[in-house]
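Beneath this line is the structure, given in structure tokens, with notes to follow.
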Amino acid sequence: MTITAYTLAVVLNVFCLFLGYRFLFQPAAAAAGYGVPADPRGDAGAYLTIKGVRDGTFGLVGLALLAFAGARAEAWFMLAVALVPLGDTLIVLRNGGTRAVAFGVHFATAVIVLISAGLLFAV
């Protein structure tokens with residue numbers, strides 16, 4: 001179970017780094033994948049950059065916690081960070097995104113992050 005817990009945590013953190021990169025360097029495509037398309041040349045550009053920095057930071061902090069503080073610290077981090085995809089679910093629903101993306105991407109991500117937290121607490 002230890003290998004599974006650590007592997008899932010690393011994959012989730014690396015995925016956050018990928019999302020951050022995508023929002024910083026491919027903002028239009030990333031916004032469409034998020035479920036609420038935005039024009040990065042307009043006012044939305046700053047918000048897409050903020051999301052990129054936020055997601056990338058979550059990935060870096062998660063990897064640092066796992067490497068230097070251990071599974072229990074990472075578990076608490078994952079538990080707290082699970083609020084973000086839950087919030088993203090509501091954002092997509094409230095801004096005209098599809099239920100499929102809201103629940104199939106964001107809510108499902110929250111569930112996976114919570115499973116990761118549970119596995120890390122069990123290690």
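None of the figures in this text is laboratory data; all of them are computed from the coordinates on show. From a predicted model like this one, the values you see are computed outputs, not experimental measurements. When we count neighbours, we look across all protein chains shown, and the Cβ atoms used for this are built from the backbone with ideal geometry, even at glycine.
Can you list the HN-Hα couplings for the stretch 29-38, worked out from phi with the Karplus curve (6.51, -1.76, 1.60; θ = phi - 60°), rounded to whole Hz and with x for Gly and Pro?
After applying 6.51 cos²θ - 1.76 cosθ + 1.60, I find 5, 5, 5, 5, x, 5, x, 9, x, 8 Hz.
To test your reading of the geometry: what angle, between 0 and 90 degrees and rounded to tens, separates the Cα axis of helix 108-122 from the longest principal axis of the chain?
20
Relative contact order for the stretch 20-84: what percent, with Cα pairs under 8 Å and sequence separation of 6 or more?
On the way: 47 pairs, mean separation 18.0, N = 65.
So the answer I get is 28 percent.
Work through the residues other than Cys16 whose Cβ is under 10 Å from its Cβ and net out their charges, Lys, Arg +1 and Asp, Glu -1.
0
Any chance you could run the full-extension gain for Phe103 through Ala80? It's 0.36 nm times the residue separation minus the Cα-Cα distance, nm to one decimal.
Residue separation times 0.36 nm, minus the Cα-Cα distance, leaves 6.4 nm.
In Å, what Kirkwood hydrodynamic radius results for the chain from the alpha-carbon pair distances?
Over the chain, the inverse of the mean reciprocal pair distance is 14.7 Å.
What relative contact order, as a whole-number percentage, does the chain give when Cα pairs under 8 Å and 6 or more residues apart are counted?
Once divided by the residue count of the chain, the mean separation gives 32 percent.
Stretched out fully, how many nm does the piece from Asn95 to Tyr21 gain, at 0.36 nm a residue minus the Cα gap? Walk me through the numbers before you get to the answer.
On the way: separation 74, 0.36 × 74 = 26.64 nm, distance 2.34 nm.
The Asn95-Tyr21 span can extend by a further 24.3 nm.
Could you give the angle, 0 to 90 degrees to the nearest 10, between helix 83-94's Cα long axis and the longest principal axis of the Cα atoms of the chain?
For 83-94 against the chain, the angle is about 20 degrees.
For helix 71-81, what angle does its Cα long axis make with the longest principal axis of the chain, in degrees from 0 to 90 and rounded to 10?
30
What number, rounded to the nearest 500 deg cm²/dmol, is the helix-based mean residue ellipticity at 222 nm of the chain, given -39500 (n - 2.57) per DSSP H run of at least four residues and division by all its residues? Don't skip to the answer; put the middle values down first.
Working: 6 runs with 95 residues, N = 123.
It lands at -25500 deg cm²/dmol.
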